[in-house]
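The values are calculated or read from the model by the stated rules, or taken from the named source; none is laboratory data. Predicted model only: the values in this text are computed from it and were never measured. Here the Cβ is made from the backbone with ideal geometry for all residues, glycine too, and neighbour counts use every protein chain on show.
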Amino acid sequence: MTTTVAVVGSTGSIGTQTIEVVAADPDRYRITALAAGRSVDALIDQARAVRPEVVAIADAGLRDRLAAGVPEGTTVLAGAEALAEVAAMADVCVNGVVGFAGLPVTLGCLEAGKRLALANKESLIAAGPVVQRARRTPGAELVPVDSEHAAVHQCLRANDERARVSRIQLTASGGPFRGRTRDELLDVTIDDALAHPTWSMGPKITIDSSTLMNKGLEVIEANELFGHPAGDEGFDVGFDEIDVVVHPQSIVHSMVTYSDGSTIAQLSDPTMHLPIGYALAYPDRFRSPFGAIDWTQPMTLEFSAPDTEAFPCLELAYVAGRLGGTAPAWLSAANEEAVDAFLKGGIRWVDIPLVIETVLDAHDGDAGTTLEAVLDGDAHARALATAELGRLGVAR
C-alpha cells in the first residue's frame, strides 16, 4: 500500500530532505502535494521533478507564475489558507514551515485526522493547548521530526514502563560558539553565527542553535509532546525533569532515564533523513538505513552542562515554559523578531536575549486556551519586541 505525503515548506531544508527520503522508497511513498511560502521558482522545479497532484503557494500574488511553470494538469492553490488546505490532502503531512507561520498547517493536518510529521516546533510551542485539542481528533497522530524528539519518541517506544520515566535528556551540539564566554561573544558576526559545526539548516534555525534558543524551544516542545500524554496514567515529567546536555558529536540524539537509573538512548550519525523516515514509516521502520554507525571505528562521546550565563536564551525558555499560557508564544515571537533584526545587521548577537527578556517581563498571564488568544499574544509580543528593537536603534 502506498502512503501519500504532503510536504509543506517543501523548498526549505526539511522539505528538500523529505523529497530525498521519499525517493529512496518510491514504491512505498508518493508525494501528492507540495507547498511553499514564496520560493516559487524552487517550487516549480520540485513540481516538475516530483509531479504532485497539487502545488500551493502562500503568496497569492505568485499564483499565475506558479501555474505557468508546473506540469499540465497540476492543481494550483494560492493564498493564506492554501498551506493548511494542502496539509489535509495526504495520509501524512510533513510540516517543514519555519516559525509561527507553521501553526495553520499543524492544525489543518491534525483537525483533518491525519498524521503530522512535525518539524515546525514553534506551532506546538506557541499554541500548546490549542494543538493538544487538535491531537484528540479521531485519527490524528503527531510524530516529531526534530532529531531530539524523534529520539525520545523511540526511547519511550522501546520501554512500556512509561510510569517509571524519571528524566528526559535532550542533547545539544552547543552550536558554533560552544565553550566561549559571554565576553568572547560580544562581537561575533552573522557569518560566525551561521557557521554551524554539525547541521545544515536554514538561517533562522541556525541562529537559534547558536544562542541555544533552539534547544530552549525544544524543551518546551518536549513538555508538550511527552510531559502529559493523554492516557498515560502516572506518566508525569515536567520542566524540572527535562534536561539539556551539550554533546558536540551529535551522535546521541536524546535519552530517557528511568526510576532505577537505567538510561535508554538513540544513537545515529547526524542526519535529518532518519527522523523524517521514522515519521513517515511509523509505527513501522523505514526500509533504507540513514545515519547507520560503523561500530568498528573508534568513537569519543562527550557530555557537559550548558553555560546559561553565556547562553541565557536557554534559561529564558524554561521561564516561559513554566509561566505557561501564552508565554511560550511571546517567547517564540520575540525571538523571531530579534533573530530577524540580527540577520539584517540591526542588533548584536548578544542583544537577542535582551529583547526576549524585555518582552517576557511584560507577559500578561493569558492562559492561551483559544487560537484567538494565541494570535493576539503573538501580535502583542511582536509589537513589544519591535519597540525594544527601536530603543536599540533598529528601524522597523
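Assess whether D187 counts as being free of Cβ contacts under 8 Å to residues at least 12 places away in the same chain, surrounded by fewer than 16 Cβ atoms within 10 Å (Cβ to Cβ) and charged (D, E, K, R).
Values: free of Cβ contacts under 8 Å to residues at least 12 places away in the same chain: no; surrounded by fewer than 16 Cβ atoms within 10 Å (Cβ to Cβ): yes; charged (D, E, K, R): yes.
Taking the combined requirement at face value, the residue does not satisfy it.
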Check whether at least one residue in the stretch 249-270 is within 19 Å of L142 (Cα to Cα) and of a type in the set (V, I, T), and report yes or no. no
In the stretch 166-191, what residues are in a loop (DSSP other than H, G, I, E, B) and over 24 Å from L301 (Cα atoms)? R182, L186, D187, V188, T189
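Take the conditions surrounded by 24 or more Cβ atoms within 10 Å (Cβ to Cβ), over 15 Å from the mean Cα position of the chain (by Cα), at pLDDT 95 or above and within 19 Å of I44 (Cα to Cα) and apply them to V86. Does it pass?
Numbers: surrounded by 24 or more Cβ atoms within 10 Å (Cβ to Cβ): yes; over 15 Å from the mean Cα position of the chain (by Cα): yes; at pLDDT 95 or above: yes; within 19 Å of I44 (Cα to Cα): yes.
Taking the combined requirement at face value, the residue satisfies it.
Mind telling me which of the residues G346, G325 ends up being within 20 Å of I205 (Cβ to Cβ), touching a residue at least 12 places away in the same chain (Cβ under 8 Å) and not assigned by TED's automatic domain parsing to the domain that holds L107?
Details: G325 fails: within 20 Å of I205 (Cβ to Cβ).
Going through G346, G325 in turn, just one is within 20 Å of I205 (Cβ to Cβ), touching a residue at least 12 places away in the same chain (Cβ under 8 Å) and not assigned by TED's automatic domain parsing to the domain that holds L107: G346.
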Enumeration of residues in the stretch 164-193 that are in contact with an Asp or Glu (Cβ under 7 Å, 6 or more places away or on another chain) and over 16 Å from D243 (Cβ atoms): P176, R182
Looking at the stretch 94-130, which of the residues that are of a type outside the set (A, V, I, L, M) and over 14 Å from the mean Cα position of the chain (by Cα) is modelled with the lowest pLDDT? P129
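Could you list all residues from the stretch 192-206 that are outside any helix (DSSP H, G or I) and either of a type in the set (D, E, K, R) or at pLDDT 85 or above (or both)? Explain how you work it out, then say what you get.
First pass over the stretch 192-206, keeping only residues outside any helix (DSSP H, G or I): 195-202.
Passing the criteria: only A195.
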Counting only residues that are over 18 Å from R115 (Cα atoms), modelled with pLDDT of 95 or more and of a type in the set (G, A, S), the stretch 13-27 contains a total of 2
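Give me the helices (runs of 4 or more DSSP H) completely within the stretch 47-165, filtered to those with at least 1 residues that are within 30 Å of S259 (Cβ to Cβ) and of a type in the set (D, E, K, R), ordered by residue number. If you could, list the steps in order and put the result at the bottom.
Details: elements: 63-69, 82-87, 103-111, 121-126, 128-135, 147-157.
It comes to 121-126, 128-135, 147-157.
Do you know which residues across the stretch 197-214 are farther than 18 Å from D351 by Cα and crowded, with 17+ Cβ neighbours inside 10 Å?
W199, M201
Across the stretch 136-150, what is the total count of residues that are among the small types (G, A, S) and farther than 17 Å from A90 by Cα? Spell out the reasoning first.
Of all residues in the stretch 136-150, those among the small types (G, A, S) come to 139-140, 147, 150.
Right, trim to farther than 17 Å from A90 by Cα and you get 147, 150.
The total comes to 2.
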